[in-house]
Amino acid sequence: MPARPLALLAATALSAAVVGLAATPASALEFLRGDWTVTIGARGAAVPVFEGSDEMRFRPLPIFSVRRAGTRSTWKAPDDGLRLGLLQHDRLRIGVSGGFRGARDEDQSNDLRGLGDVEWAGEIGVFAEIWASDVLRLSVDVRRGFNGHDGVLADLGVDWVARPEPAWTLSVGPRVRLASDDYMDTYFGVTPVQSARSGLPVYDPDAGLRSIGLLGSAQVALTQSWTAMGYARYDRLMGDVADAPLVRFRGSRDQFGAGIGLSYSFDVSPFGPRS
């Protein structure tokens with residue numbers, strides 16, 4: 001997918017949300033009043049040292065989500081990232097999403113030698129998810145990066161979610177990831193200077209398909225507030241990412257990940273009771 005449609009989608013959705021809240025501050029405050037259910041936690045994950053690497057490392061990751069108290073309990077996939085649900089109607093939920101990408105330093109791996117450092121990156125955007133049935137969820141998340149990269153990312157997922165026991169939730173489903181030129185250049189491009197230092201050929205990737213994959217997870221409600229989870233993931237790098245010299249000569253198209261985590265849910269009323 002070209003970079004322009006991704007950028008326009010993210011910019012339009014974010015602008016609409018910001019303008020709407022700014023134009024009606026009283027309505028926005030009233031909307032925020034009342035009880036909200038907040039879920040926080042942490043998980044430890046085994047992930048590639050860098051995207052495209054064939055080496056693994058341990059990484060701590062946050063768990064966070066917010067929904068209106070009393071609304072349908074929203075199942076959260078391990079790769080949903082940071083999400084704040086602002087609008088919910090029946091089976092549709094829309095809100096703001098965020099992500100964080102750690103810095104990529106040359107000294108993290110010999111495979112990165114000569115490519116220079118990439119600073120940490122924050123990502124902010126919008127998401128939408130809809131339950132097509134009681135067991136099938138469709139999700140899309142579009143984010144724009146800042147600091148480390150200025151690219152636009154789009155993640156699409158389908159999850160089949162089963163609850164064989166009241167306390168247990170099992171899921172499995174495919175994933176598709178897209179990225180713009182800026183993201184591709186930052187993490188997979190090789191400039192003439194980097195080529196001279198690293199020995200890799202010059203490479204200028206285009207926007208498009210980044211990877212396809214499969215994610216499976218298991219969650220168990222330990223109490224009404226505490227939930228434990230575990231998951232495993234496989235991604236196959238595609239298109240210009242798979243053809244990148246960093247992946248072809250120093251990494252792998254096959255990307256694996258796994259993790260376990262623990263979260264806690266509670267109700268709060270940060271803006272007072274609803275009138």
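Taking only the alpha carbons of the stretch 209-275, we obtain Rg and Dmax values of 19.6, 62 Å in that order.
If you add up the charges near Gly199, with Lys and Arg at +1 and Asp and Glu at -1, over every other residue whose beta carbon is less than 11 angstrom from its beta carbon, what do you get? Provide the component values of the computation, followed by the final result.
On the way: positive: Arg113, Arg197, Arg250; negative: none.
That sum, taken over residues with Cβ under 11 Å, equals +3.
Here's the picture: a label point sits 7 Å out from the Cα of Tyr234 along the beta-carbon direction, and within the stretch 158-177 the residues with their amide nitrogen under 13 Å of it are 173-175.
Centre-to-centre, using Cα atoms only, the stretch 196-222 and the stretch 161-178 are separated by 21 Å. For a paramagnetic label modelled on Gln108 (point 7 Å from Cα along Cα→Cβ), amide N atoms under 19 Å away belong, within the stretch 209-229, to 210-211.
Could you compute how fast the stretch 117-220 diffuses translationally, taking Rh as the Kirkwood radius over C-alpha pairs and applying Stokes-Einstein at 25 °C with viscosity 0.890 mPa s? Give it in µm² per second.
Values: Rh = 16.0 Å.
D, rounded to a whole number, is 153 µm²/s.
Centre-to-centre, using Cα atoms only, the stretch 226-260 and the stretch 87-134 are separated by 14 Å.
Local charge for Arg59 was computed over the other residues whose Cβ lies under 15 Å away, with Lys and Arg +1 and Asp and Glu -1, and equals +1. The Rg/Rh ratio for the stretch 161-275 is 1.19, where Rg is the radius of gyration of the alpha carbons and Rh is the Kirkwood radius. A simple spin-label model places pseudo-atoms 7 Å from Cα toward Cβ; at Leu92 and Ile130 they are separated by 0.7 nm.
Among Asp206, Asp79, Asp150, which comes first, then next, by fewest other beta-carbon atoms within 10 Å?
Numbers: Asp206 13, Asp79 20, Asp150 16.
If I rank by nearby Cβ atoms, fewest first, I get Asp206, Asp150, Asp79.
Find out how many positive minus negative residues lie around Ser133, taking Lys and Arg as positive, Asp and Glu as negative, among other residues whose Cβ is under 12 Å from that of Ser133. The answer is 0.
Approximating the spin labels as points 7 Å out from Cα along Cα→Cβ, the Asp243-to-Trp120 distance works out to 3.5 nm.
Using Cβ point charges alone (K and R +1, D and E -1), the dipole size of the stretch 75-138 about the Cα centre works out to roughly 400 debye.
Read-outs throughout are calculated quantities, based only on the coordinates presented, and are distinct from any laboratory measurement. Since the structure is predicted, the reported quantities are computational estimates derived from the model, not experimental observations. Because the Cβ atoms are built from the backbone with ideal geometry, glycine has one as well, and the counts that use them run over all protein chains shown.
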